[in-house]
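Following: one structure in structure tokens, then a few remarks.
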Amino acid sequence: MASLREALLCWFAENARPLPWRESYDPYQVWLSEIMLQQTQMERAVGYFQRFVARFPDMASLAAASEEEVLKLWEGLGYYSRAKNLLACARRVVAAHGGALPHDPKTLQALPGIGPYTAGAVASIAFARDVTAVDANVERVFARLFDLDMPVREARTRAFILETAAALVPRGKAREWNQALMELGALVCLPKRPRCSECPLSGQCEAYRLDLVFERPVPAKAVDYIPMDVASGLLVREGRVFIQKRPETGVWAGLWEFPGGTVESGETPEQAVVREFREETDLDVAITAKLAVVRHGYTRYRVALHCFALRDLNDAAEPALHAAQEGRFATLAELSGLAFPAGHRKLIDQLVGQNRGGLLLDPMR
DNA sequence: TAGTCGTGGCG
DNA sequence: TCGCCAAGACT
């Protein structure tokens, strides 16, 4: 055990990537990075982190922010409840903890958006507490190191991993140790292409000894992906387009969108967008142009997004809000300041990039 | 406990 | 092109 710890800590000292929050281990920055890194790879999170810290350098400035601005900064990073909880957590920390994150994992875990992993990560990395932080990297490393022959998500396996992790934390070095385990998983002990020849632990790895590295961890049952056609419409009035703000819960909570919805079986995208517009806004619309088909995915869905330009069929009435908490007409330029789901953002960027915005929205045409 | 909740990259 | 993935939390 001693040599295992020594080997990994030594490797981390040599191979730790230089990351912004590793310069100071400022608790606010560590917490922010950990929230961003939930289900997100390092390279994607770093840019978002830097923009966040530049705009909100500390807990107090973040707590004073509007949800609209936080969502805009989070746009494209996904899992938007993290942004909502980030803001709620900052406000709670200011209101109940004097603006400073608590050091204790249990107290941390009571805060919005902080679960078992993040509580352990912040307590150890920001506050040097001797606690574990077990994420998917650590599970994979342990599954190989100890040749665990059952899926890591299984309750008994998780219990074993948590127990083992707790026993391994070197006193006073949890900050380095927890990061070292995750860094090893991210750089060396890779899911599909493990680099065992570069691994400081290969000599002590049971799966490596048994030539079972590629069989570990035992895969969970595969998710089935669901292809889906969605139709969305840009209703244009006097150079502005109708947008609505999605409900507080569910997918893309609090983000703006163009009305639309699933293309039902036996229905064309054209029929779907007209039907959805009527259902969501009570407006009767007609299609003036097909703008694009944007392909994107979310969770287990793979979406073909059919996008149309629309005009009012009858007299222009105020849109109802049956599927939104807010609605308005906005210029194409205004859309750049609001947060949209990635698929809608792709469409907006396409329209602006092709300079079709003017063609589409110019009231003179 | 099992489902929900995003996204972009990669082979 | 497309299936599969990659630093969890919440209900």
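The values are calculated or read from the model by the stated rules, or taken from the named source; none is laboratory data. Please read these numbers as outputs of a predicted model, since none were measured by experiment. Methodologically, a virtual Cβ is constructed for each residue, glycine included, from the backbone with ideal geometry; neighbour enumeration extends over all protein chains shown.
Quick notes on this structure:
- Of the candidates A:338, A:332, the single residue that is modelled with pLDDT under 95, aliphatic (A, V, I, L, M), under 25 Å from residue A:66 (Cα atoms) and surrounded by 15 or more Cβ atoms within 10 Å (Cβ to Cβ) is A:332.
- Meets criteria (among the hydroxyl-bearing types (Ser, Thr, Tyr), at pLDDT 95 or above and within 23 Å of residue A:123 (Cα to Cα)) for residue A:80: no
- Extreme residue, surrounded by the most Cβ atoms within 10 Å (Cβ to Cβ), among residues of region A:42-68 that are free of Cβ contacts under 8 Å to residues at least 12 places away in the same chain and within 17 Å of the chain's Cα centre (by Cα): A:47
- The residue list A:254, A:266, A:250 contains one member that is in a loop (DSSP other than H, G, I, E, B), touching a Phe, Trp or Tyr at 6+ places or on another chain (Cβ under 8 Å) and not β-branched (Val, Ile, Thr), which is A:254.
- Some residue of region A:110-124 being part of a helix (DSSP H, G or I), within 13 Å of DNA strand C (Cβ to nearest atom), closer than 21 Å to residue A:249 by Cβ and free of Cβ contacts under 8 Å to residues at least 40 places away in the same chain: no
- Residue within region A:185-207 that is touching a residue at least 12 places away in the same chain (Cβ under 8 Å), surrounded by fewer than 20 Cβ atoms within 10 Å (Cβ to Cβ) and hydroxyl-bearing (Ser, Thr, Tyr) present: no
- Residue within region A:189-209 that is in a loop (DSSP other than H, G, I, E, B), at pLDDT 90 or above and among the acidic types (Asp, Glu) present: no
- Restricting A:292, A:309, A:272 to those that are surrounded by 13 or more Cβ atoms within 10 Å (Cβ to Cβ), under 14 Å from residue A:231 (Cβ atoms) and within 16 Å of DNA strand B (Cβ to nearest atom) reduces the list to A:292.
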